[in-house]
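S.K.: One structure is given below, represented as structure tokens, and several questions about it will come after.
The values are calculated or read from the model by the stated rules, or taken from the named source; none is laboratory data. None of these values were measured; they are calculated from a predicted model. With ideal geometry, Cβ positions are generated from the backbone for all residues, glycine too; neighbour counts draw on all protein chains shown. What goes into the accessible areas is simple: the full protein's heavy atoms, side chains included, and nothing from ligands, DNA or RNA. Shrake-Rupley method; radii C 1.70, N 1.55, O 1.52, S 1.80 Å.
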Protein chains: 4
Amino acid sequence: MAQTISLKTECGSASDESALAKAVAGVIAAGRAAAFRHWVPATSGNFSVRIDADTIAITRSGVDKGNLQLADILIQPLAVPLLPGSSAEAELHTALYRQRPDLGAIFHVHSPAATVLSRLAAPEGRLLLTGWELQKALSGVRTHEAIVEIPVFANDQDISALSGRVDARLAEPGGDAIVAPGYLLAGHGLYAWGATEAEAARHLEALETLFEFELSYRRFTP
Amino acid sequence: MAQTISLKTECGSASDESALAKAVAGVIAAGRAAAFRHWVPATSGNFSVRIDADTIAITRSGVDKGNLQLADILIQPLAVPLLPGSSAEAELHTALYRQRPDLGAIFHVHSPAATVLSRLAAPEGRLLLTGWELQKALSGVRTHEAIVEIPVFANDQDISALSGRVDARLAEPGGDAIVAPGYLLAGHGLYAWGATEAEAARHLEALETLFEFELSYRRFTP
Amino acid sequence: MAQTISLKTECGSASDESALAKAVAGVIAAGRAAAFRHWVPATSGNFSVRIDADTIAITRSGVDKGNLQLADILIQPLAVPLLPGSSAEAELHTALYRQRPDLGAIFHVHSPAATVLSRLAAPEGRLLLTGWELQKALSGVRTHEAIVEIPVFANDQDISALSGRVDARLAEPGGDAIVAPGYLLAGHGLYAWGATEAEAARHLEALETLFEFELSYRRFTP
Amino acid sequence: MAQTISLKTECGSASDESALAKAVAGVIAAGRAAAFRHWVPATSGNFSVRIDADTIAITRSGVDKGNLQLADILIQPLAVPLLPGSSAEAELHTALYRQRPDLGAIFHVHSPAATVLSRLAAPEGRLLLTGWELQKALSGVRTHEAIVEIPVFANDQDISALSGRVDARLAEPGGDAIVAPGYLLAGHGLYAWGATEAEAARHLEALETLFEFELSYRRFTP
């Protein structure tokens with residue numbers, strides 16, 4: 001039971017208990033909000049919140065994200081292999097937390113506009129958005145005239161290989177576009193993050209809504 | 001009143017009362033969840049859960065699936081003709097339970113993406129899906145690269161004839177595709193099942209969501 | 001205040017109080033259900049239930065259908081002019097109740113699929129549906145192979161003239177098609193009815209859902 | 001803290017406390033209703049209600065409109081510069097209240113149909129609607145045959161310049177069309193208003209629903 005959440009954490013002194021409890025509560029709230037929107041159908045999706053520099057709270061594999069219990073959440077140190085019960089995709093979370101110490105939360109969903117648009121944009125390896133005021137809900141975007149780039153990766157069941165490609169791509173400079181706080185896996189869904197749970201939730205909602213706008217708009221534009 | 005649910009079951013010693021009560025609760029929960037999604041409009045749809053090898057709990061004909069009462073559920077032995085008050089389509093349930101002892105629950109809905117796509121796919125007699133990560137929510141599917149086949153049958157008011165065609169088709173080998181835990185009736189809706197109520201519910205949500213993705217994707221692809 | 005509902009009804013001995021209370025409760029429930037689906041936006045729509053051969057309960061003009069109060073409901077005798085506070089469209093209700101003694105409830109909504117499809121079908125003066133199992137939720141329809149005809153009328157601010165055209169059309173024989181328990185006003189919305197409140201609600205949900213199916217299907221068929 | 005709401009208002013004797021409390025409650029209710037419809041994603045949108053001739057209550061920048069607290073609402077005198085914590089777009093509210101003493105409430109949302117249609121209509125600088133009964137929910141529109149004009153402005157991060165263009169345009173005579181109680185910012189969203197909070201809410205719902213109808217209808221018409 002060491003990997004399940006308990007108020008008697010075994011993660012060491014670096015994580016105080018209130019940070020752990022706050023992170024677990026953040027995971028539960030994010031899962032419930034996404035389930036309410038039908039963005040995590042059929043136990044899909046996963047959600048993590050950083051506890052401290054070395055540890056995250058993350059959903060276990062195969063659980064209903066709309067009704068998360070304490071036992072559905074793992075306390076995963078970033079420096080060790082994935083704990084038993086982990087989703088294979090947890091590696092996408094841990095690798096990104098290691099690369100980006102500024103990230104406080106990562107949320108992954110199978111929302112409909114993201115999933116469909118990810119496939120349409122897959123051949124180009126990226127999706128470019130511009131002209132939407134809502135872009136400004138993304139950290140670092142100041143105007144609707146900015147070009148926002150969302151990287152799109154081919155889906156892969158080899159998560160280590162995929163994680164390597166994601167990390168390499170996210171380390172590249174963005175060029176003229178502003179790189180969004182999230183990426184798409186083709187035919188799979190959206191990863192979005194933020195410095196805090198609130199920012200990750202805002203980025204998630206902003207991106208899925210922008211994708212809805214874009215999909216609807218494309219039905220009328222050649 | 002013998003065919004209505006009662007805690008003093010008349011189904012014989014093979015069904016203990018807790019299995020019966022659990023099955024009835026499963027039917028009620030499945031109906032409510034489907035109604036919440038508007039997948040059983042106008043009293044359509046039907047839901048069954050296996051009690052034991054010989055008996056199922058199944059919704060009566062013409063009742064509101066979002067507010068099922070005990071009297072709306074029949075305890076149907078698999079070896080006898082349909083009880084008074086049954087839906088004609090109950091035969092599709094009983095025949096499938098007899099053929100597939102591994103099935104624990106069968107849910108039928110008139111969800112929009114399933115209903116529309118069933119008509120579009122009817123001429124080919126099957127719908128093929130590939131490239132969606134969510135496919136992996138279907139039992140036996142391990143990769144988005146798998147081809148998932150959903151059989152599509154012409155609708156028929158002669159349920160016995162239809163049931164025979166369904167049973168014959170589901171007994172066929174799947175070929176290169178993985179046959180989904182469900183099928184479509186053209187212009188009618190979706191049947192989905194699982195070993196347990198939870199698995200049937202997961203399959204139902206996964207299939208309808210995959211159909212939504214597919215319908216939306218097809219609007220942009222020739 | 002004579003026209004507002006009160007448990008001390010002034011409608012005379014023909015309406016007993018329990019019939020009146022039941023009708024008022026039916027109007028309130030129907031309004032709430034439609035508002036929950038966003039089918040009566042911006043105080044649109046109206047709902048009536050028959051109290052007895054000579055009297056109906058009907059929503060007052062311009063009220064929020066999702067939160068109906070007793071004062072929002074008029075007790076309208078069928079033999080007298082519309083009471084103060086009536087919607088102009090109340091005449092479509094009273095005329096139909098007079099023509100059809102079998103009708104127990106009439107519900108009118110501005111639901112999206114009905115409203116859009118009504119305009120697309122307006123040039124032909126009718127909408128024909130076939131091939132949907134859900135058609136069977138309409139009273140008198142026994143098979144998905146039936147052709148269901150929904151009359152479509154040009155919208156008109158002269159409700160008396162419109163009511164006359166509706167009554168004349170509904171008195172015509174249906175030909176090969178089965179005439180639905182409802183009609184469309186082009187660019188306006190749907191009227192649906194039934195012998196009871198439950199049947200009217202079932203017809204309303206069945207028709208709007210059929211229209212959703214049909215609209216989605218037409219996007220893929222020439 | 002002078003700019004945050006308090007029952008001990010510092011706005012002077014012109015605003016009595018019950019008018020202030022009513023306006024604040026109106027802002028909170030409008031935000032919650034819009035959030036429920038997903039019209040204010042990712043903390044977008046803003047809502048104001050007039051307290052008296054000289055003062056409004058308006059949402060602070062960057063707050064969740066679905067869960068507004070007293071501290072999220074500013075009491076903004078119309079004659080002074082925007083208070084600290086204001087959204088830049090608050091100027092669109094204050095300028096319009098100064099120009100139109102008859103306005104009691106202004107609501108701004110990023111609803112999907114408005115946002116997408118605003119971009120499609122941007123080249124013409126206006127959107128014309130006709131043929132919808134629901135148009136009559138807009139103040140001053142008496143028939144579905146009326147042509148309703150919704151001005152469409154290019155989006156601009158220079159809110160003062162944008163506000164000037166809006167005020168100039170809204171002061172123009174409407175010509176043959178009836179000018180709607182609202183306007184669109186291209187790729188941004190909808191502003192709608194009314195003499196009271198209830199009227200502004202009705203106009204907002206009517207306009208977004210009309211835009212949904214129009215978008216759906218345009219998919220089938222060349």
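S.K.: Looking at B:PRO173, B:PRO151, which is the one that is under 26 Å from B:THR196 (Cβ atoms), open to solvent by less than 10 Å² (accessible area, probe 1.4 Å) and either not in a helix (DSSP H, G or I) or not hydroxyl-bearing (Ser, Thr, Tyr) (or both)?
M.R.: B:PRO151
S.K.: Is it true that D:ILE159 is touching an Asp or Glu at 6+ places or on another chain (Cβ under 9 Å), within 14 Å of chain A (Cβ to nearest Cβ), farther than 29 Å from C:ASN67 by Cα and touching a residue at least 24 places away in the same chain (Cβ under 8 Å)?
M.R.: yes
S.K.: Select, from A:GLU205, A:GLU199, the only residue that is within 23 Å of D:VAL116 (Cα to Cα) and in a helix (DSSP H, G or I).
M.R.: Step by step, each of A:GLU205, A:GLU199 is checked, and only A:GLU205 is within 23 Å of D:VAL116 (Cα to Cα) and in a helix (DSSP H, G or I).
S.K.: Collect the residues in segment D:36-45 that are on the phi < 0 side of the Ramachandran plot and either among the β-branched types (Val, Ile, Thr) or crowded, with 19+ Cβ neighbours inside 10 Å (or both), keeping them in residue-number order.
M.R.: D:TRP39, D:VAL40, D:PRO41, D:SER44
S.K.: Of (1) under 25 Å from A:ARG169 (Cα atoms); (2) within 14 Å of chain D (Cβ to nearest Cβ); (3) open to solvent by less than 40 Å² (accessible area, probe 1.4 Å), A:GLU133 satisfies all except one. Which?
M.R.: Going through (1) under 25 Å from A:ARG169 (Cα atoms); (2) within 14 Å of chain D (Cβ to nearest Cβ); (3) open to solvent by less than 40 Å² (accessible area, probe 1.4 Å) one by one, A:GLU133 breaks only (1).
S.K.: Of the conditions (1) of a type in the set (A, V, I, L, M); (2) open to solvent by 50 Å² or more (accessible area, probe 1.4 Å); (3) within 14 Å of chain A (Cβ to nearest Cβ), B:ALA168 clears all except one; give me its number.
M.R.: (3)
S.K.: Can I ask one more? For C:ALA79, only one of the following conditions fails: (1) open to solvent by less than 40 Å² (accessible area, probe 1.4 Å); (2) over 17 Å from the mean Cα position of the chain (by Cα). What is its number?
M.R.: Exception for C:ALA79: condition (1).
S.K.: So, D:SER216, is that one polar (S, T, N, Q) and farther than 20 Å from A:PHE213 by Cα or not?
M.R.: no
S.K.: Still on this structure, please answer the following. Pairs under 6 Å by beta carbon, first residue away from chain C (no Cβ under 11 Å) in segment D:189-205, partner among the hydroxyl-bearing types (Ser, Thr, Tyr) and part of a helix (DSSP H, G or I), six or more apart or different chains?
M.R.: Sorted first by the residue in segment D:189-205, then by its partner, the pairs are D:GLY189/D:THR115.
S.K.: Now, a different point. Of the residues that sit in segment D:109-130 and are in a strand (DSSP E or B) and open to solvent by 10 Å² or more (accessible area, probe 1.4 Å), which one is farthest from D:HIS203 (Cα to Cα)?
M.R.: The residue in question is D:ARG126.
S.K.: Please state which of the following conditions D:GLY104 fails to meet, knowing it meets all the rest: (1) at the interface with another protein chain (Cβ under 9 Å from one of its Cβ atoms); (2) out of contact with any helix residue (DSSP H, G or I) (no Cβ under 6 Å at 6 or more places or on another chain).
M.R.: (1)
S.K.: Now, a different point. Are any residues in segment D:48-67 of a type in the set (A, V, I, L, M) and open to solvent by 10 Å² or more (accessible area, probe 1.4 Å), and if so, which ones?
M.R.: D:ILE51, D:ALA53, D:VAL63
S.K.: Here is a follow-up. Which residue pairs have Cβ atoms closer than 6 Å, lie 6 or more positions apart in sequence or on different chains, and pair a first residue in segment A:169-185 that is within 9 Å of A:ILE150 (Cα to Cα) with a second residue that is modelled with pLDDT of 90 or more and of a type in the set (S, T, N, Q)?
M.R.: The qualifying pairs are A:PRO181/A:SER139; A:LEU184/A:SER118.
S.K.: Just checking, which of C:ALA177, C:ALA206, C:ALA171 is out of contact with any Leu (no Cβ under 7 Å at 6 or more places or on another chain) and more than 20 Å from D:GLU133 (Cβ to Cβ)?
M.R.: C:ALA171
S.K.: Next up: Within segment B:107-129, track down each residue that is of a type in the set (Ser, Thr, Tyr) and away from every other protein chain (no Cβ under 11 Å).
M.R.: Across segment B:107-129, there are no qualifying residues.
S.K.: Considering only segment A:176-196, state which residues are of a type outside the set (A, V, I, L, M, F, W, C), farther than 14 Å from A:ALA137 by Cα and either in contact with a helix residue (DSSP H, G or I) (Cβ under 8 Å, 6 or more places away or on another chain) or in a strand (DSSP E or B) (or both).
M.R.: Correct list: A:TYR183, A:GLY187, A:HIS188, A:GLY189, A:TYR191.
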